[in-house]
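One structure below.
The values are calculated or read from the model by the stated rules, or taken from the named source; none is laboratory data. A quick note: this is a predicted structure, and the numbers were derived from the prediction, not measured. Using ideal geometry, Cβ is built from the backbone for each residue, glycine included, and neighbour counts are taken over all protein chains shown. The protein model used for the area step is the full one, side chains on, heavy atoms only, and it has no ligands, DNA or RNA in it. Shrake-Rupley method; radii C 1.70, N 1.55, O 1.52, S 1.80 Å.
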Amino acid sequence: MTTVPAKDDQEDIEATGGSGIADDPSEISLDPGAVLADSGVEELLATLDAELVGLAPVKTRIREIAALLLVEKLRAQVGLSAGPPSLHMSFTGNPGTGKTTIAMRMAEILHRLGYVRKGHVVAVTRDDLVGQYIGHTAPKTREVLKKAMGGVLFIDEAYYLYRPENERDYGQESIEILLQVMENQRDDLVVILAGYHDRMDRFFESNPGIRSRIAHHIDFPDYTLDELLAIARLMLDQMHYRLSVEAEAALVEYIELRRSQPSFANARSIRNALDRARLRQANRLVARRGQELTREELMTIEAQDIRASRVFGEEVQEPEAAVDDSAVRPS
């Protein structure tokens with residue numbers, strides 16, 4: 001279980017009495033642009049565009065949800081509230097497509113607009129919710145829910161909660177508790193269920209109560225080749241590395257090959273590939289004992305650091321001071 005705290009914007013909440021709504025009616029602004037700017041949501045959306053490569057349909061849906069929340073807030077300020085909106089969501093897509101990152105940004109948006117008290121994210125899987133024996137599941141599930149209150153509960157691979165083939169499985173007990181909280185405390189907790197698209201569809205078919213409580217379904221597409229290359233450049237830049245011209249060409253070939261292999265995980269696989277390329281680069285540089293290295297050499301990933309991957313299906317002779325081969329296997 002992972003808990004990601006909200007960024008420190010407590011002063012913003014306190015200044016509006018904890019709800020994001022001004023106490024003095026004369027201070028009420030019905031200008032959406034002003035509210036977006038004052039709340040910091042516009043900045044968050046701009047950061048989302050800058051930080052995340054691709055995902056255009058996902059970003060569009062996030063903006064639509066933010067617009068809905070903003071208008072609901074403005075309506076409430078002039079007595080037009082329709083009650084708290086249902087905000088539970090389903091994120092579907094392959095691994096490494098940004099679902100957890102978007103969940104964290106969504107929590108920040110909800111917090112800044114006053115829809116959740118804290119804005120933190122508690123990320124869990126089945127093991128965090130379901131016990132191994134009678135009487136163990138309910139306390140585990142309730143403890144997770146307690147930690148998530150006031151923020152977002154992100155359940156990855158949520159379909160593993162339901163295992164109908166096992167009559168002694170306790171996942172259904174956890175689902176029933178989740179259903180109650182999703183309905184009765186939806187003004188204090190947002191639940192995001194995530195996983196593969198086809199498996200989530202089957203999960204919802206088997207659990208119509210869950211489906212009926214999900215207001216927003218967002219599908220995360222796989223990254224294109226160009227997007228994966230842009231992600232690689234961004235990751236390397238953040239770590240103060242660069243690719244030589246030959247290394248970039250090799251990385252393009254690597255991505256094309258890796259995408260066709262099992263267990264490809266989009267941006268996650270790219271990060272793993274770069275981590276292993278860094279290991280090979282370090283191994284190559286350390287082998288040059290007695291030589292002064294330049295700053296450029298310390299920064300540059302060369303083609304041989306990429307092509308040493310077994311994804312290319314060829315044997316590559318490593319320098320004598322080799323890193324343990326188990327540490328440089330392809331992702």
Practice task
Examine segment 307-314 for a residue that is among the aromatic types (Phe, Trp, Tyr) and at pLDDT below 95, and state whether such a residue exists.
Solution key: yes
Practice task
From Glu292, Glu256, grab the single residue that is over 21 Å from Gly93 (Cα atoms) and without any contact (Cβ under 8 Å) to a residue 60 or more places away in the chain.
Solution key: Glu292
Handout entry: Filter result (at negative phi, of a type in the set (Gly, Ala, Ser) and crowded, with 19+ Cβ neighbours inside 10 Å) within segment 46-76
Key = Ala66
Problem - Elements of type helices (runs of 4 or more DSSP H) contained in segment 230-321, each with 3 or more residues being buried (at least 19 other Cβ atoms within 10 Å of the Cβ) - result: 245-259, 267-286, 303-307
Problem - Filter result for Arg329 (open to solvent by 70 Å² or more (accessible area, probe 1.4 Å), in contact with a helix residue (DSSP H, G or I) (Cβ under 9 Å, 6 or more places away or on another chain) and modelled with pLDDT of 95 or more) - result: no
Practice task
Being at pLDDT 90 or above, open to solvent by less than 70 Å² (accessible area, probe 1.4 Å), touching a Gly at 6+ places or on another chain (Cβ under 8 Å) and farther than 15 Å from Met89 by Cα is the filter here, so list the residues in segment 151-174 that pass it.
Solution key: Leu161
Practice task
For segment 181-189, state whether one or more residues are touching a residue at least 40 places away in the same chain (Cβ under 8 Å) and under 19 Å from Met1 (Cα atoms).
Solution key: yes
Problem - Residues within segment 126-144 that are of a type outside the set (S, T, N, Q), under 26 Å from Gly98 (Cα atoms) and open to solvent by less than 10 Å² (accessible area, probe 1.4 Å), tallied - result: 3
Completion exercise
Inside segment 263-317, the number of residues satisfying the requirement of being in contact with a strand residue (DSSP E or B) (Cβ under 7 Å, 6 or more places away or on another chain) and farther than 30 Å from Leu55 by Cα is 1
Handout entry: From the options Ile177, Ile218, residue that is assigned to a strand (DSSP E or B) and among the β-branched types (Val, Ile, Thr)
Key = Ile218
Practice task
Give segment 77-102 a look and list any residue that's farther than 20 Å from Val191 by Cβ, open to solvent by 40 Å² or more (accessible area, probe 1.4 Å) and not β-branched (Val, Ile, Thr), or say none.
Solution key: Gly79, Leu80, Ser81, Ala82, Asn94
Practice task
Grab the helices (runs of 4 or more DSSP H) fully contained in segment 25-141, keeping just those with 2 or more residues being touching a strand residue (DSSP E or B) at 6+ places or on another chain (Cβ under 9 Å) and touching a residue at least 12 places away in the same chain (Cβ under 8 Å).
Solution key: 56-77, 99-112, 126-129
Practice task
Name, by its number, the condition in (1) more than 20 Å from Ala107 (Cβ to Cβ); (2) more than 23 Å from the chain's Cα centre (by Cα) that does not hold for Gln185.
Solution key: (1)
Fill in the blank from the handout: The condition from (1) loosely packed, with under 14 Cβ neighbours inside 10 Å; (2) in a strand (DSSP E or B) that Ile192 misses is numbered (1)
